[in-house]
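Inspection log for the structure reproduced underneath, given as structure tokens.
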Amino acid sequence: MVPHHEGDPLCESLQSQKDHLEHFECRKDDLEQVNLLEKRPAPRSAPRGWQETHDAEGDPMDLDDLTDNPAEEAVEDEEFERFLNDLHRTHDNPDADDGEDAFDDTEEDDDETLVADADDALPVPEYLGANVNMPEVPTRDAFQNSYVRIVHTNGLHHLAMVSCRCRGAELLPCDLIASRLVPASFQNIRTLFSAQLLDFFRLCNLELKASAYSFYHLLQHLTMPMAPAEVADLYNEFHRMTRLWRWMKKLKWAGYGHNGKSAKHIKAGELAIFCTACPLPGINLPPDWKDDVNKCISSSPICHPGP
């Protein structure tokens, strides 16, 4: 929800949407809890070896006295894989029949067999699931609020932007920035970047020398670790927003917005950060510094106090 940055944060329209959404989410949560209790799978027997290594309450016992037998461990691992696959099939389709195991014993290929990709040839356990595609995201909610992409430090998220334009559509970007969400465009807003993300990247770029390209790939992996390429490619938008955020930070540090000056007309040197180490007459130099026989004038043109 995007509150107004001036006056009452929640107008009548926003308050009514908030009340309706909270009531809807409460009913939805209660219905999900009922469905989970009704569709809970029947308890399955644990694989062989579980009772030997766990007590009656399910806590692991001391395993120092157990003997190491590779053959028995291989059998127990295979039974444990079947146990997990059975739980996976029961959760997705309780009425399904037991099928084959996730790991089938197949003949080993010879050295002349061509393999397209070694990663594709690795067996994937059935309980991990094979569908890693992005779920279909709705475009609008019940109040006709459009869904937007919010890029945060933990990845990309698709959420409905609950907003109100009763005070003018041109104030929506200001409301978003006051909520610490920076829009990628100011006309048709579809992508938002959180201030925490932009500040975090600025520090990573300063201290870790991380590029925008590598950092956005990190966000893709955080969003979908199994298929990062399925995540929307917003590298160009992210790179542009990082430059805009740096410019906004410089304006803030220089006092713009509080000194009455316009950010559209900035003279050379007005955004420079004051250096307290540089010798400046009247600030950290005595008035008679020119007459001091022991004075040492820096040869650097940046730190030179003057003629």
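Going by average Cβ neighbours within 10 Å, how do the peptides 212-222, 3-13 rank, with the highest at the top?
In descending order of packing, they fall as 212-222, 3-13.
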message: To the nearest 20 Debye, how big is the dipole of region 150-211 about its Cα centre, given +1 on the beta carbon of each Lys and Arg and -1 on that of each Asp and Glu?
response: 80
task: Could you pull the accessible area for ARG202 with a 1.4 Å probe, rounded to 10 Å²?
output: 50
- prompt: Short version: ³J(HN,Hα) in whole Hz for each residue of region 210-223, in order, from phi by Karplus 6.51 cos²θ - 1.76 cosθ + 1.60 (θ = phi - 60°), x for Gly and Pro, what are they?
  reply: 7, 7, 5, 5, 5, 5, 6, 5, 4, 4, 5, 5, 5, 6
task: First select every other residue whose beta carbon is under 11 angstrom from the beta carbon of LEU192; then total the charges, Lys and Arg +1, Asp and Glu -1.
output: +2
field: Extended-chain gain in nm, criterion 0.36 nm per residue less alpha-carbon gap, PHE200 and SER13
entry: 63.9 nm
- line: Sorted by chain and then number, the residues having a modelled amide H within less than 5 Å of the amide H of LEU159, at least 5 places away or on another chain, are VAL148, ILE150
query: Under a point spin-label approximation (7 Å from Cα along Cα-to-Cβ), what is the ARG190-CYS174 distance to one decimal in nm?
result: 2.7
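Share of region 166-270's accessible area from carbon and sulfur, percent, 1.4 Å?
57
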field: Proximal lysines relative to LYS28, as straight alpha-carbon distance under 24 Å, when same-chain residues fewer than 8 apart are discounted
entry: LYS18, LYS39
- line: Full extension between ARG140 and HIS158 adds, at 0.36 nm per residue less the Cα distance, a length in nm of 5.4 nm
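The values are calculated or read from the model by the stated rules, or taken from the named source; none is laboratory data. The structure displayed is predicted, hence computed values, not measured ones. Note that each Cβ is placed from the backbone with ideal geometry, even for glycine, and that neighbours are counted across all protein chains shown. Side chains are part of the model used for accessible areas, which takes the heavy atoms of the whole protein and leaves out ligands, DNA and RNA. Shrake-Rupley method; radii C 1.70, N 1.55, O 1.52, S 1.80 Å.
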